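S.K.: Structure below; questions to follow.
The values are calculated or read from the model by the stated rules, or taken from the named source; none is laboratory data. Not measured: the values here are computed from a predicted model. Note: ideal-geometry Cβ built from the backbone for every residue, glycine included; neighbour counts use all protein chains shown.
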């Protein structure tokens, strides 16, 4: 396969899309208002855009591309995207792509052939009744919906639009048994006005696994750069996996596991299509093609290289690759797919014989992650079950709306229990939640999890500490009772004996009682539905409880335990101002009287504020003695102090 997939360089030039795009008002001057959204309900942090691709090509260090587990710094996808190929009414073959082989996001934009559909809204919904984004139309804990079309003008100059509008629903769940995948449900609509024939649909992906704290994909000057050439790829098809007769799945893992810091697997699974693809005796309805980076086919249809010479060769285009029925695993006559390399892959299905004007094809894939191959297969089966059940995943009461406050060496968690008399489901939950399955109340209790550290390096339920469990007194379970109500009629939990200035993650989840009558097990809400990162420290200074402003650690020494493990050293340090008023301005001066940095604090729940030890132009400060001035913006009162930096 690799010989047929050798690509040639194409000259870049800007041209108009053509008469079809112009007639539909998609002119070349139209800008793409990119929307960068991230799934965060479960354990997969996948970037989703309204431009036909997922992942962000490692273009933004503060936003994951496909991080798993979320906040672990382990990435899995450089970019992925939709491909659609078809025979146009005039008999020519064209393919529209959301992403192709590209070295970075800018290069990807130059070959991307989908764009934001003008005037179409972006929706972010949740079916969790306690979410600020709750909407009864949501199919999952997080439901992202975007629309794009294929009338983009690209610099390569050889794209002819098929006339497609695509609605993508990216669905993520917080439930512990369904939080390891994101479903990508594509509705592909023919808006060209003519009939498209022999349509193929594929999910292209450039997967790459590694830990961004071990190898840096963001900085070209980093001493240890990201290794794209140690990817191990493969796939499974029906008959390969016992107990999973419907499997069509590609996968990747890192060959050396980044010194055991990135040992997880990522997969792309085809879940189904509507209408179903009719089986063909001579060709598989699903193709899995893999090639080495930059060997993407040069054209949409069959093309000739070195014409008129002894080296003239006819090669398959993108459409032929999507339709070839190959399954690129093992060692073949033309490529050894068992070797580690920078692999790019695509899972495609078809043909759909006809797509009439205004008709729709639905094709659904899942981006699946797991700790190892067996877990990847298990998580893929759950994604398949979710699809087979119409995205209806059983769940119990949602996580509560969590509020966090801090005081010296402790964290205070509080949340509303819900109103049993409220008609609005969001106001009833969580303690008076009504099961969508049985129509009966199903709340049983709360579990409070705590994890010390900034990076959650594994499944949070595995590495976090269960610091408390509450079970309502009803003769079911432990009957320990629920947390007490405070003066504001909120449930309250206080965790003390903590370390001020150190990071802690907290999550309060709800769980249901097993329903023996209906044959239902216990269901628990998701860790990330309300997970919050907290740095314990003093409560804010008030007139009733005045406090002196301080700094810790002071003196500050480089490489102290307060430093975060993530990122460049100068960008990961911090010290803490403590005893601050609710609203105040913090100014730091050197001994020459020059203003080094201004910080603003506005937080009624905390009297602490971090400083990253960078000056106003984002430069590292030098060793020395510094003076800080804190002004209470409510009273105008000033407090002064000194701090020492030792490098």
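S.K.: Any residue that is crowded, with 22+ Cβ neighbours inside 10 Å, under 29 Å from residue 531 (Cβ atoms), in contact with a strand residue (DSSP E or B) (Cβ under 9 Å, 6 or more places away or on another chain) and assigned by TED's automatic domain parsing to the domain that holds residue 153 - is there at least one of those in the range 111-121?
M.R.: no
S.K.: Just to be sure I understand, how many residues within the range 470-496 are in a strand (DSSP E or B) and either surrounded by 14 or more Cβ atoms within 10 Å (Cβ to Cβ) or in contact with a helix residue (DSSP H, G or I) (Cβ under 7 Å, 6 or more places away or on another chain) (or both)?
M.R.: Restricting attention to the range 470-496, the residues satisfying the condition of being in a strand (DSSP E or B) are 470-471, 481, 485, 491-495.
Still in the list and also either surrounded by 14 or more Cβ atoms within 10 Å (Cβ to Cβ) or in contact with a helix residue (DSSP H, G or I) (Cβ under 7 Å, 6 or more places away or on another chain) (or both): 470-471, 491-493, 495.
Of the residues in the range 470-496, 6 are in a strand (DSSP E or B) and either surrounded by 14 or more Cβ atoms within 10 Å (Cβ to Cβ) or in contact with a helix residue (DSSP H, G or I) (Cβ under 7 Å, 6 or more places away or on another chain) (or both).
S.K.: Please verify whether the range 492-502 includes one or more residues that are within 29 Å of residue 516 (Cβ to Cβ) and either modelled with pLDDT under 95 or outside the structural domain of residue 212 (by TED's automatic domain parsing) (or both).
M.R.: The answer is no; no qualifying residue exists.
S.K.: Scan the range 328-350 residue by residue and report those that are under 22 Å from residue 227 (Cβ atoms), over 31 Å from the mean Cα position of the chain (by Cα) and in contact (Cβ under 8 Å) with a residue 12 or more places away in the chain.
M.R.: Scanning the range 328-350 gives a single hit, 335.
S.K.: Restricting to the range 410-430, and then to whatever is closer than 14 Å to residue 492 by Cα and touching a residue at least 40 places away in the same chain (Cβ under 8 Å), can you tell me which residue is surrounded by the fewest Cβ atoms within 10 Å (Cβ to Cβ)?
M.R.: 410
S.K.: Moving on to the next point. Can you report the number of residues in the range 246-299 which are outside any loop (DSSP other than H, G, I, E, B), modelled with pLDDT under 95 and more than 23 Å from the chain's Cα centre (by Cα)?
M.R.: 3
S.K.: Right, something else. Search the range 547-574 for residues being outside any loop (DSSP other than H, G, I, E, B) and over 30 Å from the mean Cα position of the chain (by Cα), and hand back the single one that is modelled with the lowest pLDDT.
M.R.: Ranking the qualifying residues of the range 547-574, first place goes to 557.
S.K.: Kindly evaluate residue 449 against the criterion of being under 30 Å from residue 498 (Cα atoms), modelled with pLDDT of 95 or more, touching a helix residue (DSSP H, G or I) at 6+ places or on another chain (Cβ under 7 Å) and not in a loop (DSSP other than H, G, I, E, B).
M.R.: Yes, satisfied.
S.K.: Follow-up. Only one of these conditions is not met by residue 509: (1) touching a strand residue (DSSP E or B) at 6+ places or on another chain (Cβ under 8 Å); (2) crowded, with 17+ Cβ neighbours inside 10 Å; (3) over 30 Å from residue 75 (Cβ atoms). Which number is it?
M.R.: Condition not satisfied by residue 509: (3).
S.K.: Only one of these is farther than 30 Å from residue 396 by Cβ, in contact with a helix residue (DSSP H, G or I) (Cβ under 6 Å, 6 or more places away or on another chain) and not in a strand (DSSP E or B): 102, 152, 118. Name it.
M.R.: Residue meeting the stated conditions: 102.
A quick yes/no check of all residues on (1) assigned to a loop (DSSP other than H, G, I, E, B); (2) touching a helix residue (DSSP H, G or I) at 6+ places or on another chain (Cβ under 6 Å):
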residue: 174; (1), (2): yes, yes
residue: 189; (1), (2): no, no
residue: 194; (1), (2): yes, no
residue: 201; (1), (2): no, no
residue: 204; (1), (2): no, no
residue: 208; (1), (2): no, no
residue: 214; (1), (2): yes, yes
residue: 233; (1), (2): no, no
residue: 238; (1), (2): yes, no
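S.K.: A follow-up question, please. If you go through the range 514-542 one residue at a time, how many are in a loop (DSSP other than H, G, I, E, B) and crowded, with 21+ Cβ neighbours inside 10 Å?
M.R.: Initially, the range 514-542 is screened for residues in a loop (DSSP other than H, G, I, E, B), giving 514, 516-519, 521-523, 525-526, 530-531, 535-540, 542.
Of the ones still in play, those that are also crowded, with 21+ Cβ neighbours inside 10 Å are 523, 525-526, 530-531, 535-540.
Result for the range 514-542: 11.
S.K.: Further, regarding this structure: Only one of 224, 277 is surrounded by fewer than 24 Cβ atoms within 10 Å (Cβ to Cβ) and either more than 30 Å from residue 113 (Cβ to Cβ) or not assigned by TED's automatic domain parsing to the domain that holds residue 57 (or both). Can you tell me which?
M.R.: Exactly one of 224, 277 is surrounded by fewer than 24 Cβ atoms within 10 Å (Cβ to Cβ) and either more than 30 Å from residue 113 (Cβ to Cβ) or not assigned by TED's automatic domain parsing to the domain that holds residue 57 (or both), namely 224.
S.K.: Just give me the residues in the range 122-137 being surrounded by 14 or more Cβ atoms within 10 Å (Cβ to Cβ) and under 22 Å from residue 166 (Cα atoms), in sequence order.
M.R.: Passing the criteria: 122, 123, 124, 125, 126.
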